[in-house]
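Written out below as structure tokens is the structure these notes cover.
The values are calculated or read from the model by the stated rules, or taken from the named source; none is laboratory data. Source: prediction; values computed, not measured. Cβ sites come from the backbone with ideal geometry, for glycine too, and all protein chains shown count toward neighbours.
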Amino acid sequence: MLTIEQNEELTQVGPGTPMGELLRRYWYPIAFEQDFDRKPSKTVRLLSEDWTLYRCLRVSTASSVSTAHTVVPR
């Protein structure tokens, strides 16, 4: 059985948390290219942060979908 502190350390994924820092080291498939057929951008929430995905038509890489971190003033 985990203590409350251990549970929080393992389940909190926001910026600056141990698990958040670990999970940010990896790539995640979060959208399909077909998701951008109707709209060129899409906002998602991942790891307790807002991100904007957008389709880039002038890209010479394997993927034409890019991301931008969405900063919202509080």
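Specify the residue that is surrounded by the fewest Cβ atoms within 10 Å (Cβ to Cβ); the eligible residues are those in region 21-41 that are part of a helix (DSSP H, G or I) and in contact with a strand residue (DSSP E or B) (Cβ under 9 Å, 6 or more places away or on another chain).
Glu33
Six or more apart or on different chains, Cβ under 9 Å: which pairs go from a residue in region 28-54 that's under 26 Å from Thr11 (Cα atoms) to one that's basic (Lys, Arg) and at pLDDT 85 or above? Could you list them?
Ala31/Lys42; Leu47/Arg24; Trp51/Arg45; Thr52/Lys42; Leu53/Lys42
Suppose we keep only residues that are of a type in the set (Gly, Ala, Ser) and surrounded by 12 or more Cβ atoms within 10 Å (Cβ to Cβ) within region 42-74. Which one would you say is modelled with the highest pLDDT?
Ser66
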